[in-house]
1. Looking at residue 196 and the list (1) at pLDDT 85 or above; (2) open to solvent by less than 60 Å² (accessible area, probe 1.4 Å); (3) touching a helix residue (DSSP H, G or I) at 6+ places or on another chain (Cβ under 9 Å), which single condition is not satisfied?
2. Testing residue 68 on (1) touching a helix residue (DSSP H, G or I) at 6+ places or on another chain (Cβ under 6 Å); (2) farther than 30 Å from residue 7 by Cα; (3) in contact (Cβ under 8 Å) with a residue 40 or more places away in the chain, one condition comes back false. Which one is that?
3. Kindly list, by first and then second residue, each pair from a residue in segment 285-300 that is in contact (Cβ under 8 Å) with a residue 60 or more places away in the chain and farther than 10 Å from residue 385 by Cα to a residue that is of a type in the set (Lys, Arg) and surrounded by fewer than 20 Cβ atoms within 10 Å (Cβ to Cβ), limited to pairs with Cβ atoms under 6 Å and residues at least 6 apart or on different chains.
4. For the subset of segment 9-59 comprising residues that are β-branched (Val, Ile, Thr) and part of a helix (DSSP H, G or I), which member is most open to solvent (accessible area, probe 1.4 Å)?
5. For residue 94, which of the numbered conditions (1) open to solvent by less than 50 Å² (accessible area, probe 1.4 Å); (2) touching a Lys or Arg at 6+ places or on another chain (Cβ under 8 Å); (3) more than 29 Å from residue 37 (Cβ to Cβ); (4) not basic (Lys, Arg) fails to hold?
6. Contact list please: Cβ distance under 6 Å, first residue in segment 154-169 and modelled with pLDDT of 80 or more, second residue surrounded by fewer than 11 Cβ atoms within 10 Å (Cβ to Cβ), pairs at least six apart or on different chains.
7. Answer yes or no as to whether residue 533 is surrounded by 18 or more Cβ atoms within 10 Å (Cβ to Cβ), touching a Cys at 6+ places or on another chain (Cβ under 7 Å), at pLDDT below 90 and not hydrophobic (A, V, I, L, M, F, W, C).
8. Pull out all pairs, ordered by first then second residue, where Cβ-Cβ is under 7 Å, the residues are six or more apart or on different chains, the first lies in segment 364-378 and is farther than 18 Å from residue 338 by Cα, and the second is polar (S, T, N, Q).
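The values are calculated or read from the model by the stated rules, or taken from the named source; none is laboratory data. Source: prediction; values computed, not measured. Because the Cβ atoms are built from the backbone with ideal geometry, glycine has one as well, and the counts that use them run over all protein chains shown. These area figures cover heavy atoms from the full protein model, side chains too; ligands, DNA and RNA do not enter into them. Shrake-Rupley method; radii C 1.70, N 1.55, O 1.52, S 1.80 Å.
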Amino acid sequence: MRDVSVLEILRHPFDTSGFPPRWHCGAWSAELGWLHIASDVAIWLAYMAIPAVLLYYTARRPHVPFRGVLFLFATFVLACGTVHLIEATIFWWPAYRFSGLLKFATAIVSWATMLALIPTVPYALGLRTPQEFERELVERRAMERALRESEAQYRELFENANDIVYLHDLQGRFTAANKAAIQATGYSRLELLGMTVDELVAPEYRALAREMTAKKLLGQAGSSYELTICTKDGHRRLFDVHSRLVTRDGAPVGVQGIARDVTEREEAAKSLRESEARFRGLLESAPDAMIIIDQHGLIKIVNSQVERMFGYGRDDLLGQPVEKLLDESLHGAYATYRDQFAADPRARPMGSGVEVHARRRDGSQLPVEISLSPFLTDDGLVVTAAVRDVTEQHEARELLAQQAEDYARSNAELEQFAYVASHDLQEPLRMVASYCQLLQRRYKGKLDADADDFINFAVDGARRMQVLINDLLTYSRAGRRDLALAETDCEQVLSDVMSNLQTAIEEREAVITHDPLPTVMADRGQLTQVLQNLVANAIKFSKCRPKVHIASERIDDEWRIAVRDHGIGIAPEYAERIFEIFKRLHGWGEYPGTGIGLAVCKKLVERHGGRIWVESTPEQGSTFFFTLPAC
């Protein structure tokens with residue numbers, strides 16, 4: 001074998017002289033040879049595929065890191081594969097020179113690849129493991145899901161907010177609007193997104209809307225303002241608007257805003273102002289002096305009647321303590337009363353006893369009556385006082401009291417006169433009656449007929465006079481005795497009446513019935529007298545076999561008792577007259593009595609605080625009603 005230099009090898013790399021094919025080197029069997037050939041070819045094909053895949057990957061990922069390393073690695077794999085291909089061909093073509101050069105080149109590429117890989121080791125060490133990558137993937141998916149849910153919630157809040165939420169670009173064209181905007185304006189979403197702010201707001205507010213957008217672009221204040229918009233159906237509605245500038249990468253791109261419909265609030269405020277004006281008008285037109293006082297007792301509002309009544313100007317009273325209008329002697333009592341009223345703030349109407357002596361500006365006093373009406377406000381308890389000058393009422397009450405005293409004295413004197421007169425007249429009248437009856441017995445038939453008639457007239461007149469005087473005495477006694485009020489069982493009273501009238505009931509074959517009767521507050525003796533008179537009249541003024549029924553009914557705080565008969569009845573025009581003293585509807589010969597009974601009943605019932613009346617139809621009976629206080 002001759003020596004071959006490296007230079008010669010480089011000059012003639014494919015020179016195969018001096019080298020036999022591998023089949024002729026050693027004892028190569030067919031099986032062993034083809035095993036090496038097939039293996040080297042398979043390795044070569046795999047090594048060729050690897051660079052193809054790497055080149056495809058780098059072509060699809062132009063920004064992949066360490067592209068040089070990938071190219072070196074592809075070259076290294078390609079060189080290794082070519083070595084294996086040459087190893088397979090050497091069995092027929094002994095290109096050992098080329099194979100050696102190829103292996104040398106492969107060694108160089110291998111070392112270059114290894115040296116290029118060293119700087120990538122820290123990066124490779126920093127790469128996530130499959131477990132870390134899987135965990136990060138799970139976390140990323142969770143974040144993405146949370147982000148989607150948050151975005152959905154934001155969209156739901158945006159869409160379902162009670163207030164209008166909108167976006168518009170710098171030219172004022174709407175780019176987003178929620179459901180509230182659609183409902184408030186009457187436009188569809190598509191219509192709104194094609195409109196500008198100028199097209200939606202009322203003409204007089206367009207300059208304001210543009211001014212507010214300009215201020216935002218300049219970074220100035222003014223994010224809250226009111227605008228009136230015109231709805232699709234032509235109505236005008238007022239909105240309170242809050243907006244802010246929207247930026248992207250530091251540059252303004254539009255305006256986001258929230259608008260709240262305050263039309264009803266403004267209408268309510270307007271109505272409140274109108275109500276306040278009406279209230280002040282009513283206050284000024286009130287016939288009484290009206291004063292509104294705060295919880296500290298300071299005067300807040302007065303009407304013109306106060307100025308006229310007290311002589312002060314309005315400005316002299318506003319903010320002043322109300323004691324300024326009271327007599328100095330009442331200041332201490334007023335402070336106590338104010339504390340009591342604050343503890344129990346309820347309305348005190350006129351006539352409830354709140355009456356004081358007020359003081360005018362000139363120092364004179366006048367009696368006034370005050371009604372109080374408290375009501376709560378945001379500032380605390382406020383009281384409206386109506387002040388009425390009761391000077392005339394005072395004078396009228398004094399006159400009335402004097403008249404009542406005179407009337408009571410006169411009435412007492414009349415009762416005393418009636419009692420004395422009726423009592424003192426009985427004795428001489430009894431003497432006249434006795435002598436007239438003596439003349440009648442002794443001279444009857446001995447004188448002429450006229451004398452008999454004259455004597456009979458005198459006897460009858462004396463008898464009637466005795467009955468009238470006795471009844472007058474009974475009537476005068478009915479009001480003289482004090483009432484002994486107590487719980488009185490009407491059942492027992494009726495039992496006493498039935499016992500007293502037993503003879504009359506049996507003689508007339510009267511039937512007396514009654515419903516369950518109540519217990520009332522009454523003087524038992526006088527109630528017996530009333531009921532006995534009514535039952536006796538019912539028996540007396542019936543033609544045959546009288547039927548009398550007593551009933552009762554509770555009405556509020558009193559009992560109404562009814563005595564019903566089936567007698568001769570009373571004409572409606574006499575329903576009031578029969579209760580007057582000595583008023584009779586029939587002659588002396590038809591029915592006995594002087595007409596004093598119903599007058600006594602009326603007097604006794606009224607003494608009990610009740611009233612008495614009759615409902616009757618001639619020939620169909622009468623029903624007498626009277627009322628008494630319930631227990």
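1. (3)
2. (1)
3. From residues that are in contact (Cβ under 8 Å) with a residue 60 or more places away in the chain and farther than 10 Å from residue 385 by Cα, the pairs are 294/300.
4. Going residue by residue through segment 9-59, those that are β-branched (Val, Ile, Thr) are 9, 16, 37, 41, 43, 50, 53, 58.
Going one step further and asking which of them are part of a helix (DSSP H, G or I), we end up with 9, 37, 41, 43, 50, 53, 58.
Values: 9: 44, 37: 10, 41: 49, 43: 56, 50: 70, 53: 94, 58: 7 Å².
Checking each candidate, the answer is 53.
5. Exception for residue 94: condition (3).
6. Cβ pairs passing all conditions: none.
7. On the way: surrounded by 18 or more Cβ atoms within 10 Å (Cβ to Cβ): yes; touching a Cys at 6+ places or on another chain (Cβ under 7 Å): yes; at pLDDT below 90: yes; not hydrophobic (A, V, I, L, M, F, W, C): yes.
When the stated conditions are applied, residue 533 passes them.
8. 366/391; 367/391
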